[in-house]
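Throughout, read-outs are computed from the coordinates displayed, never taken from laboratory work. As the structure is a prediction and not an experimental result, all values here were calculated from the model. Neighbour counts run over all protein chains shown; Cβ positions are idealised from the backbone, glycine included.
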Amino acid sequence: MLLVSAFDAHDWNELTGTNRDISTLCIPNRSPIRYHLAMPRSAKLALATLLLATALLFVRRVSAHHSFASTYSDQTITIEGKVDEFLYRNPHSAVLLEAPGKNGQTVVWAAEWSTAGQLSRQGIEKDMIKPGDHLILSGNPSRNPSDHRLRISAITRPSDGWKWKSSY
């Protein structure tokens, strides 16, 4: 049986001392191997797809994230109110806070926080903030004031003096 390698005809002839055309060498019970034929376009496409899929499968996930600059302003505001819900999750945890609005009506603010993993590493777990807790939140408001969204930079819970401050 013949082992096919990356030799070209010149290398084969030098190695064996012959002058054979290796482009038509045969493996027993198989058709001739024709090295001089170009790879069909469909085979090239299939190979490229296979290589891309393999690369995507084994490449580590790139740590990419959106910018907060397009969503939140540079100014800092403080809101005070009662926790409606604490969403401890990825990609961002959130505190839904009921606070008095400008005209006296209650407004629910969606205050965006870090990921659950980041909070856990800082000692903050899902039962740390409960509905009904009175909180004071500071952070960057949404560029659209009617969204009532906030990127949290600091939290204070007056009932027990607990505080958290962002490192950004």
Per-residue Cβ neighbour rank within 10 angstrom, fewest leading, K130, K82, K102: K102, K130, K82
Charge sum, other residues only, whose C-beta stays under 13 Å from S166's C-beta, Lys/Arg counted +1 and Asp/Glu -1: +2
Residue order, fewest to most surrounding Cβ atoms within 10 angstrom, among D74, D147, D84: D74, D147, D84
Relative contact order (percent, whole number), the stretch 77-165, Cα cutoff 8 Å, 6+ residue spacing: 28
Order by protection proxy (mean Cβ within 10 Å, highest first), peptides 43-53, 150-160: 150-160, 43-53
Sparse-neighbour loop sites [GluC sites (Glu not before Pro); the stretch 83-138; at most 11 other C-beta within 10 Å; DSSP]: E125
Within-13-Å neighbourhood charge of A154 [Cβ basis; K, R +1; D, E -1]: +3
